[in-house]
1. Just to check your reading of the model, which residue among R19, R24 is more than 20 Å from the chain's Cα centre (by Cα), under 26 Å from D285 (Cα atoms) and surrounded by 17 or more Cβ atoms within 10 Å (Cβ to Cβ)?
2. Only residues that are surrounded by fewer than 23 Cβ atoms within 10 Å (Cβ to Cβ) and under 24 Å from the mean Cα position of the chain (by Cα): list them for the range 117-131, please.
3. Which of the residues spanning the range 70-85 are among the small types (G, A, S) and touching a residue at least 24 places away in the same chain (Cβ under 8 Å)?
4. Among P246, P293, P269, which is the only one that is modelled with pLDDT of 90 or more and part of a loop (DSSP other than H, G, I, E, B)?
5. Which of the residues that make up the range 250-266 are part of a helix (DSSP H, G or I) and either on the phi > 0 side of the Ramachandran plot or in contact (Cβ under 8 Å) with a residue 24 or more places away in the chain (or both)?
6. Which pairs have Cβ atoms under 6 Å, sit 6 or more apart or on different chains, and link a residue in the range 203-225 that is under 21 Å from S106 (Cβ atoms) to one that is among the charged types (D, E, K, R) and in a helix (DSSP H, G or I)?
7. Condition (residue is aromatic (F, W, Y) and more than 12 Å from the chain's Cα centre (by Cα)) applied to the range 271-285: is it met by at least one residue?
8. Let me spell it out: the conditions are (1) out of contact with any Phe, Trp or Tyr (no Cβ under 8 Å at 6 or more places or on another chain); (2) over 24 Å from W170 (Cβ atoms), and P69 meets all of them except one. Which number is the exception?
Amino acid sequence: MTPVAPIRPRGPWRLASERIGRDRAAIAAIATILLAALVAVAAPLFAALTGHGPAEQFIETGLSSNGIPVGPGHEFWLGCDGLGRDVLVRVVYGARISLLVGVLASLLAVVCGAVVGVSAAWYGGTLDALLSRLMDAVLSLPYLLLALALAALVGPSTGISVVVIAFFNWAAVGRVLRGEVLAIREREYVQAARALGAGHARIMFVEILPVVAPTAIVYATLLIPSSIGFEATLSFLGLGVPPPTPSWGNMLADAMAYYKVAWWLLLFPGAALLAITLAFNVLGDSVRDVFDPRFERSVARARGGAA
């Protein structure tokens, strides 16, 4: 008689990791993000290898006699910009700013939204009413106009970009997580923990937070690309990262004066911005799918249809 292998229990996090491992699009997105992060960390190495700093100007070799930026070549692999600066070095340094602002702003928004949303749903009553009206007020604000006005009022800086982006995104996270907690706070395991004498903090962080964590992770993953895009918008308008610090947004802004004669000024920072935002969006969609209990059935139906 052939021995039967024991059944190994698999929790939701292990199931999610296994599903991600079978998703080729998710693997490609993760590889792209890791590559971008590696390039950002290794930005000083690129500067050392080329001998060009991110703000260093090469007036004699980086510009033609007519003041036009030189194109890609053996000395400047991705060409130069209008001030004779190496585009390759500025693109890899710009990856630092985009990833830093996108990740930090998204994490800050998710943490603040989670605290407010979970607290409002769990305690209810007057606190829920006040916090819900606060979230409604933030969500009703004209996001783009007020964000630009606030950035212009305070002045351009990386920290202000993080705070501005997080401020206008936390309420949406809080609203989503509040709905999640309202749906589960009366379930049996929560009532059992309450009957055993568990305190509010223990129930929220031990019983409820792990259940809503996948939703927060999915939202954070999808929020990062929009945060990166908005940072690029602020920098493009001169309200984000102050020059000469390189950012993909201010690089695209600088390219506006030369795009007809220097195509590389638009192509390389634009392609980098497109690649990283697309990778995070694909990863967010994949993470959302793997936490969906209908995922396996949808994959089975797709395979059956393909067959």
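The values are calculated or read from the model by the stated rules, or taken from the named source; none is laboratory data. In this text the structure is predicted, and so the values were computed from the model without any measurement. Heads up, the Cβs are rebuilt from the backbone with ideal geometry, glycines too, and the neighbour counts pull from every protein chain shown.
1. Working: R24 fails: surrounded by 17 or more Cβ atoms within 10 Å (Cβ to Cβ).
Just one listed residue meets the conditions, R19.
2. Filtering the range 117-131 down to residues surrounded by fewer than 23 Cβ atoms within 10 Å (Cβ to Cβ) leaves 118-119, 122-131.
V118, the sole residue that qualifies.
3. Residues of the range 70-85 that are among the small types (G, A, S), as a first pass: 71, 73, 79, 82, 84.
Once the filter is applied, which keeps residues that are among the small types (G, A, S) and touching a residue at least 24 places away in the same chain (Cβ under 8 Å), the range 70-85 yields G71, G79, G82, G84.
4. Numbers: P293 fails: modelled with pLDDT of 90 or more; P269 fails: part of a loop (DSSP other than H, G, I, E, B).
One residue alone meets the criteria, P246.
5. M251, D254, A255, W264, L265
6. V212/E180; T215/E180; V218/R288
7. Residues of the range 271-285 that are aromatic (F, W, Y), as a first pass: 280.
If we keep only those that are more than 12 Å from the chain's Cα centre (by Cα) too, we end up with none.
No.
8. (1)
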